[in-house]
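Visitor: After the structure tokens below, expect a handful of questions from me.
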Amino acid sequence: MTASFKPVSVAIGDLTAHPANVRSNSPETYDSENIAHLKASIAVLGLLQPLLVQKIDGKYAVLAGGRRHAALKELVADKAAKGVTAKTKVDCRLVPEDCDVTTALSLAENITQAPMNAIDEFEAFARMMEVDGQTPETIAKTFGTTVAAVKGRLRYGLIHPDIRAAARAKAITLDTMKAFAEHPSQEVQKEVFEALTTEDSYLQAYTVRQALKSRGVQVSDDIGAFVRADYEARGGAVAADLLEEHSVLEDAALVETILLEKLGVAAEEARAKMGFAWADAMIRYDYATMAEYGRVYPGPVEPDEAVQKRVDEITAELEKLQREMEDEGLEDDAYNALYERVDALEDEARDLQEAYSADDLARAGVVASWSSGQVTLHVGLVRPEDKQEASRSPSGNQTGKDEPDPSEITYPVSLAEDLKTERAMALGAAMALQPEATLDLTLFKLVSDVLGSGMNVTQAIKVEARKEYRSHAKMDDIDGTSLEQAAAAHDALDLSWLDDTRAPADQFAAFRALEAGEKAKLVAYATASTTQSCFARDPRRDSLMHDFEIEIMPDIRAHWTPNAALFNRFKKAWLLKILGEDLGLAQEAVTLASSSKKEIVAFCDKLFAEPFATLTYAQRAAVAAWCPPMMQTVGSATDEAPTVETSEPDTDVAKAA
């Protein structure tokens, strides 16, 4: 039948749509973005396949080839397209006017052409470059796509022939074949392929990528980018890829050597700046080995007049920046800029108000490691052989094996003070909810202070009948559980005796007439209102309140939940560490690493408000229990907590560079 279709040349302006074209009811098919590559191809190569047309009312209606027709019309309208006008003629095949199978012809044209095999496409792109002398730029122009997209296809077409043959034979999947493009050397690809296929196991893309990592480091990898300049300066071999970011530094040993050297330089710079005794470097921080090390911490120092003036300036600027960051309409870039400024100011304020003792500096050191794509400094470490000589640090913590594992989280002064306030509020709520125990504590303190040795049994509560004033930078934003619990306890009090129109003697008489349980509630609420800003008690300094807090508040999370107000004041690196290490959400931490801090805060806020259904039992338990360690009462957190007398928070971790 097709042989009877007469070839004709028809001007583009004389072409029109055919009502029997099977795509006529899908106008989106002809949208510019859907025919861009076709337009580009016709502009460079011409119309490779004739249109099937039928003459209707003096016009040539396009029965098959509607997308080519749409691309031709766009070329006519495109003033940048040279040599294509409405009078330009294109090759067509003419269907007789009396043909009664026009719909069948249009359908056959569209469905009888098999889609191109993906590997054929990849190899065709490679041949265009290797045989036809094309460049990625000219190929991209021909097919109306990006240079990067072309290079991606070229890379797959240049994978070792044996691996492509295995994909054609369906011995491996297409995704597994693509994984071999992670290394541009066909020799390396072949070696890895043969090594992996000798095992009687299903070859996966992940396995291939992991195996190729041992054969070099991509220049786009964080370590590759960090060492590349030094690596190339030393003549390290580079396997070039069509896509620059996939080029590979092949000498893995040289990469590791340079990385250790650069980490050593960073550690030495930190040592010299901070005055420590020694510096060391390791590629990955070995927590098992470093558990034998002790740690010293900076303690508060009395600022002179000039320093205090600068601290006051920083405090004022931080308050201003915090107000600006509360604007919900703030763009991410602007928010991140403010966040970085806040970080810098808080670090400056901390450095102005804290210092290591001379003894601690003389025995402690700095270790630099590579973590989360950057140099991380672990400061104040004490080697095992020096731990016996280590004295108590200014913060009240002992260096030694019992110290917490190194971490990157430190608490700025302002945040630590606010966390103390929140903990005091939670403790007050717990005391108000357990009136009998609190009544006993109050009466015991009163009589002990008078009848005892003259020393207060605890400074943790005030029973001078003055309510403790609690200041907080973010009082309106913090979790309100403890406030709601305290309010509920207040509403349950019998205040009928407290009538200002009565004389004190009458009030006292009415008070004495109350039932014992009602009196206990009143005393408990009043005492609870005196709780001072605090962290977990040091049992050596206040054993009474240490044990009492364990009894009435074994879990602070019953009275307080971390929320956005807290997470907003954490650095992005801290949040990722908490997610990955404390909560066991390592994959989520990796995924969120490229997100803005604002997005991570929102994720954490939602996670703690209602733990996700997809969490494992262990993850759910970790989320339900987590709080800053010095706020919890029992368990290991008690031993790690700073003492109540310390006005500055302990920095139980090293600062990330």
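Visitor: Please give the FRET efficiency for residue 137 paired with residue 253, using the beta carbon to beta carbon distance and R0 = 41 Å, rounded to the nearest 0.05.
Guide: Computed FRET efficiency for residue 137 and residue 253 comes out at 0.65.
Visitor: Length gain on complete extension for the stretch residue 477 to residue 273, per 0.36 nm per residue less the alpha carbon to alpha carbon distance?
Guide: Extra length available between residue 477 and residue 273 comes to 69.6 nm.
Visitor: Please give the length that would be gained between residue 340 and residue 118 if that part of the chain were fully extended, namely 0.36 nm times their separation in residues minus their C-alpha to C-alpha distance (nm, one decimal).
Guide: Full extension of this stretch gives 75.3 nm more.
Visitor: Tell me the label-point distance for the pair residue 501, residue 540, using the 7 Å Cα-to-Cβ offset, in nm and rounded to one decimal.
Guide: 5.9
Visitor: Could you please state, rounded to a whole Å, how far the C-alpha centre of segment 261-292 is from the C-alpha centre of segment 520-563?
Guide: Computed from Cα coordinates, the inter-centre distance equals 39 Å.
Visitor: In addition: Apply 1/(1 + (r/R0)^6) to the Cβ-Cβ distance of residue 357 and residue 519, taking R0 = 56 Å, and write down the FRET efficiency to the nearest 0.05.
Guide: Working from the Cβ atoms, E equals 0.65.
Visitor: A further question on this structure: Using 1/(1 + (r/R0)^6) with R0 = 30 angstrom and r between the beta carbons of residue 245 and residue 162, what's the FRET efficiency to the nearest 0.05?
Guide: Calculated value: 0.70.
Visitor: Sort 421-430, 156-165 by packing, meaning the average of other beta carbons within 10 Å per residue, with the highest value first.
Guide: Highest mean packing first, the order is 421-430, 156-165.
Visitor: Suppose each label sits 7 Å from its Cα in the direction of the beta carbon; what would the residue 591-residue 195 distance come out to in nanometres?
Guide: The modelled label-to-label distance comes out at 3.2 nm.
Visitor: Could I ask something else about it? Set the bar at 23 Å for Cα to Cα. Now go through 178/262; 190/213; 320/598; 571/606; 151/190 and name every pair that lies beyond it. Let's see the in-between values first.
Guide: Details: 178/262 34 Å; 190/213 15 Å; 320/598 18 Å; 571/606 18 Å; 151/190 21 Å.
Distance filter (> 23 Å) returns 178/262.
Visitor: Among residues other than residue 631 whose Cβ falls under 9 Å from its Cβ, what is the net charge (Lys/Arg +1, Asp/Glu -1)?
Guide: Overall, the nearby charge balance is +1.
Visitor: Starting from segment 263-370, pick out the trypsin sites (Lys or Arg not before Pro) whose DSSP state is loop and whose Cβ has at most 16 other Cβ atoms within 10 Å.
Guide: Taking segment 263-370 and a limit of 16 other Cβ atoms within 10 Å, the loop trypsin sites (Lys or Arg not before Pro) found are 284.
Visitor: Stretched out fully, how many nm does the piece from residue 130 to residue 98 gain, at 0.36 nm a residue minus the Cα gap? Intermediate values should be presented prior to the final figure.
Guide: Working: separation 32, 0.36 × 32 = 11.52 nm, distance 4.90 nm.
Answer, rounded to one decimal: 6.6 nm.
Coordinate-derived values only; no laboratory data. Computed from a prediction, not measured in an experiment: that's the story for all the values here. Cβ sites come from the backbone with ideal geometry, for glycine too, and all protein chains shown count toward neighbours.
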